[in-house]
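K.L.:
Got a structure here, written out as structure tokens. Questions coming.
Derivation of every value follows stated rules applied to the coordinates shown; laboratory data play no part. Quick caveat: nothing in here was measured; it's all calculated off a predicted structure. Cβ placement follows ideal geometry from the backbone for every residue including glycine, while neighbour counts extend to all protein chains displayed.
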Amino acid sequence: FKPADLGGLKLTITAGPTREAIDPVRYLTNHSSGKMGYAIAEAAAKRGATVTLISGPTNLKTPAGVERIDISSAEQMHQAAMEHATTSDIFIGCAAVADFRPADVSEQKMKKKDGEDDMVIRLVKNPDIIACVAALDAQRPFTVGFAAETQDVEQYARGKLARKHLDLICANDVSNEGQGFNSDQNALHLFWPQGDKALPLTTKAELGAQLVSEIVSLFKAGK
Ligand code: C5P
């Protein structure tokens, strides 16, 4: 049992995949389930925090007490994130944002053409949402990112921590079966400029609760 000790604290969390339209009926996306972000939102709300969850398309129920904003594309997520970041104490970027989107979205359904056996869709880079939040000059929230890696976890995670100017990065080794994408379990290794901590394999619900405790204590230490 955790008391409602986070009253007055505002968290904004991004979760799930984004969908990048190709035409009115097709899109690019990824396999993110949103479970980790929803678990963090639920754990923080249970402790009395004000939680805004900016969510891509998922099959998950909105956790009790959480304000959920549904978006589809990375650009929509970016807009919602910037609207909420400056009034938040803590921003957690858990979403699997598509790195690229189709440069041109066809207004009509694209048609197969006789005799054409290949096609090219040109992609352009999406905004790096968490880097934009971390780059805020004024009213910058304590900014927490995630890094899914398959090798050299610490090196890549610390690289992202520095490059995106984050306060904390939560790395998961997605080469280990049964954790990360779409799984109900996960293990994380947290890295921040002056330290690190491993959170061993457990349910995403339990990990969400542990993570909220770690994030809040680092946030308070930095104030
Ligand atoms: O660079 P990479 O995609 O591995 O970084 C992952 C972290 O950056 C996650 O916290 C993710 O939510 C965030 N991110 C973002 N906007 C992007 C790409 C990643 O906020 N366009």
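K.L.:
Which pairs break 19 Å Cα to Cα here: Lys160/Lys223; Lys10/Lys223; Lys125/Lys164?
P.N.:
In this structure, Lys160/Lys223 lie more than 19 Å apart at Cα.
K.L.:
Please give the net charge around Met110, taking every other residue with its beta carbon less than 9 angstrom from that of Met110, where Lys and Arg add +1 and Asp and Glu add -1. Present the calculation step by step, with values, prior to reporting the outcome.
P.N.:
Working: positive: Arg26, Lys109, Lys111, Lys112; negative: Asp23.
Every neighbour counted, the sum reads +3.
K.L.:
Moving on to the next point. In degrees between 0 and 90, to the nearest 10, how far off the longest principal axis of the chain does helix 35-46 point, with axes built from Cα atoms?
P.N.:
So the inclination is approximately 40 degrees.
K.L.:
In addition: Once phi is turned into ³J(HN,Hα) by the Karplus curve 6.51 cos²θ - 1.76 cosθ + 1.60 with θ = phi - 60°, what whole-Hz value does each residue of region 209-223 show in order, with x for glycine and proline?
P.N.:
With the stated coefficients, region 209-223 comes to 5, 4, 5, 4, 4, 5, 5, 5, 6, 5, 4, 5, 5, x, 7 Hz.
K.L.:
Considering only Phe181, Ser55, Ser33, whose Cα is most displaced toward the positive end of the charge dipole of the chain, charges sitting on Cβ of Lys, Arg (+1) and Asp, Glu (-1)?
P.N.:
Ser55
K.L.:
If each DSSP helix of 4+ residues adds -39,500 (n - 2.57) and the sum is divided by the residues in the chain, what number results at 222 nm, nearest 500 deg cm²/dmol?
P.N.:
Details: 5 runs with 59 residues, N = 223.
Result for the chain, helices only: -8000 deg cm²/dmol.
K.L.:
Round to the nearest 10 and give me the degree value, 0 to 90, for the angle of helix 153-163's Cα axis relative to the longest principal axis of the chain.
P.N.:
Computed tilt is about 90 degrees.
K.L.:
Sticking with this one: Please determine, in degrees from 0 to 90 and to the nearest 10, the orientation of helix 74-85 with respect to the longest principal axis defined by the Cα atoms of the chain, where the helix direction is its Cα long axis.
P.N.:
Around 30 degrees separate the two axes.
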